[in-house]
1. Just in the range B:7-106: which GluC sites (Glu not before Pro) are loop by DSSP and have at most 10 other Cβ atoms within 10 Å?
2. In a Gaussian network model over chain B where Cα atoms closer than 10 Å are linked, find which of B:Val14, B:Val223, B:Val348 has the largest mean-square fluctuation.
3. Counting other Cβ atoms within 10 Å of each Cβ, which trypsin sites (Lys or Arg not before Pro) in the range A:245-326 have at most 11 and sit in a DSSP loop?
4. In Å and from the alpha-carbon atoms only, list the Rg and Dmax of the range B:35-100.
5. In whole angstrom, how far apart do the alpha carbon centroids of the range A:32-110 and the range A:217-292 sit?
6. Non-local amide H neighbours of A:Ile225 (under 5 Å, H modeled in plane, Pro and chain starts lacking H): which ones?
7. Once the Cα gyration tensor of the protein assembly as shown is found, what semi-axes does its equivalent ellipsoid get, as square roots of 5 times the eigenvalues, in whole Å, sorted largest first?
8. Tell me the Kirkwood hydrodynamic radius of the range B:347-405 in angstroms, computed as one over the mean inverse distance between distinct C-alpha pairs.
Number of protein chains: 2
Amino acid sequence: MKQIGVGLLGFGTVGAGVVEGLQRNRSLLSARVGAEIVLKRIADVDLERDRGVPVDRAILTRDAHAVIADPDVDVIVELIGGTGIARTLVIEALKARKPVVTANKKLLAEHGDEIFGLAEQAGVDLCFGASVGGGIPIIRVLRDGLIGNSVRSIHGILNGTCNYILTRMENEGLPFDAVLAAAQAAGYAEANPGLDIDGFDTAHKAVILASLAYGFHVPMEAVGIEGIRSLTGMDVQYARELGYRIKLLAVIRREEDEIEVRVHPTLVPLNHMLASVSNVFNAVMVRGDLTGDTLYYGRGAGREPTASTVIGDLADVARNLASKQPRHKRGVPRAAPPPPRIRPLSAVCSRYYLRLMVRDQAGMLGRFTTILGRHGVSILAVTQKAVPEAGGYVPVVVLTHVAREADVEAALAEIHGAGIVGEAPVRLRMIEG
Amino acid sequence: MKQIGVGLLGFGTVGAGVVEGLQRNRSLLSARVGAEIVLKRIADVDLERDRGVPVDRAILTRDAHAVIADPDVDVIVELIGGTGIARTLVIEALKARKPVVTANKKLLAEHGDEIFGLAEQAGVDLCFGASVGGGIPIIRVLRDGLIGNSVRSIHGILNGTCNYILTRMENEGLPFDAVLAAAQAAGYAEANPGLDIDGFDTAHKAVILASLAYGFHVPMEAVGIEGIRSLTGMDVQYARELGYRIKLLAVIRREEDEIEVRVHPTLVPLNHMLASVSNVFNAVMVRGDLTGDTLYYGRGAGREPTASTVIGDLADVARNLASKQPRHKRGVPRAAPPPPRIRPLSAVCSRYYLRLMVRDQAGMLGRFTTILGRHGVSILAVTQKAVPEAGGYVPVVVLTHVAREADVEAALAEIHGAGIVGEAPVRLRMIEG
């Protein structure tokens, strides 16, 4: 049976999971792939730390370049992460015409044009299944399973840290800061949590999903991003009373020749499948023109789930190499003409949840609803909350019909400016039908 | 660009969906696949009926053999269904060394050994994505996405008719017969509904999933099958009060060297993802040794969802043919030695929901709990329902700890025989952790 040699760059948590998975399921993999996937070299800066998995020390090196150059290494697995040395090494591997398997969402989101272009030039596979969704094979599903579909929309819970925080805020009625601190203590959130809670990690993944779905590289600058840092327990609670759960969603939609890519806290009805996704789990709902709604759910991170997807990619590459198969045509997004345009956030249409701290005086309700109406924002429901707040303001929750973001923003600015409310109104988007 | 010619056998609902999908997304498919998928011939007994999709009448024929023999036809799509002429034609196509794409679950479940064997002999692709889960690419996920995993278990809601009936029984408190009649009127259930409601359709799909997961053909005779026909509204209601929803599940589990394949109504906790799957939707939860729990959800039937999956298979075959790639090694289950044994239903271990109509006399509770205990069936909770039933019997619901099926059966037979209950006890299984 043909051997496919693997060079692993980065022997961290996921790297150790890949090594262990390849060892544990070796015979099963060989039978399924029709080729033997053999770990030949591992490069890491730290050769001493115990990763809890037995490795022949002779294959360990600090020299990643030597791993790429090794003639026994047929495919490179990049698990270093980031856009520094990882970018250099991925480029080096592709230029050496070696297929690359990577979990590096930041690299692909920020330098996808360059990296995908190099893979295309080299004519080798660039597999990135583990860059989105951890153990959920969502990249493969979009690439192959739904290949016959024009993708209408994608809604994803793509960051386990945020979903864990939101789940606990709702279930335990805790404020954001308290849950974040608990999540940090439990190891579910980084000491510097900005990449997660400010939505950038989700945005990186949204860029990759959108690029794959629509066949061209979507730049990070095109993504409207709002995180969950300023989300209050009050809004989580009010949303719940209205029959909604707040999730940080990546929203990707195509309408005619425009696509939207955005990341923000979103109200999801309780009976929606995405509302059932709790704690650190991830899920992606894809609406295809043929399939309708489909959903993919699982662990979005972690040593073994992510290793599962890396090994799935390795199996693809091994199969292609063993049979001298060209790379997957669809592995690399390249625009099929004409590429759709990206719709600016201000032009996005959505239903909205608005929460206004309204001055407790007669006529205020009439004033702000009039302003909303003048901006073309039509109201579905208004609820004045019973509890009067300190300082003479009462919370009023408004659900709108579908409205244009720019119109909502203009209306809220006018309401704020008119002294009707005591603080800037809260504006959250609701998931589309 | 290379052309791949398709011969379609069976121009029914799904066939028309495939024709329409290939037309609508032609340019998108060519760009993604790197080859052009061209419909060359269609065979059906009825050439007159309007399928709502434009077709050149010159490609229509009543002669399926001519379609298979046509040198312009590179791949056969079999959408006739059943094990009669469909089996003959699939065999004919494979013997002619033409790859086959089929949605025929019954054929694969009942004649998988023969059909998979022929595909292997011929060395051509046999793709059956649409045989399970309609628009959910679950076959592909098992074949490729989770390739690095040893599959621990699969739990699937695989029959939309049953799920629709169960959803309405619970939501509207209606009895089975009334909902079945409504489902038949709405076109969600066949006039002869036995294949669906007695669990055979789900069992066919379970056989295919189990065969793919474990690499050998699981015979239909090995599957323990119970449908939903005798399920009462009372048990749906009592389960709900205990925090469970009843779903018809295919359960496939591996424990050491044995696998279980069974189909039965199952209590699923309300916070389980499978409990959120309502109406005609399907979902499959796969637990891999690396991924942990992953779930795949979507429309399990219907013209366009099923066509989506057929086209996904066609794209695979087209790509393989265009690049002279051998067939997918894993497309055809063949035992990797040693094949696991199949565990008989009597040896299965599960937690149970028991509902007994107990004679309304002192001492009865003690008598039947004693009998359960003597058979090694340990009780988790007992609830006596407040409403006394006609004839001096009261419903008592028992939840058990994990017990062996044979022990539960023996205990219930003894309880029934001892005159403690007025009718045969109801015994439903609960989903495992």
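The values are calculated or read from the model by the stated rules, or taken from the named source; none is laboratory data. Note that the coordinates shown come from a computational prediction; the quantities given were computed from them, not determined experimentally. Backbone-built Cβ (ideal geometry, glycine too); neighbour counts: all protein chains shown. We work out accessible area using only protein heavy atoms, side chains counted, and drop any ligands, DNA or RNA first. Shrake-Rupley method; radii C 1.70, N 1.55, O 1.52, S 1.80 Å.
1. When the GluC sites (Glu not before Pro) of the range B:7-106 are filtered for loop state and at most 10 Cβ neighbours within 10 Å, B:Glu48 remain.
2. Most flexible of the set in this elastic network: B:Val348.
3. For trypsin sites (Lys or Arg not before Pro) across the range A:245-326 that sit outside H, G, I, E and B with at most 11 neighbouring Cβ atoms in 10 Å, the list reads A:Lys324.
4. 12.1, 33
5. Taking the Cα centre of each part, the range A:32-110 and the range A:217-292 sit 34 Å apart.
6. Excluding prolines and chain starts, which carry no amide H, the hits are A:Val263.
7. 40, 40, 30
8. So the Kirkwood estimate lands at 12.1 Å.
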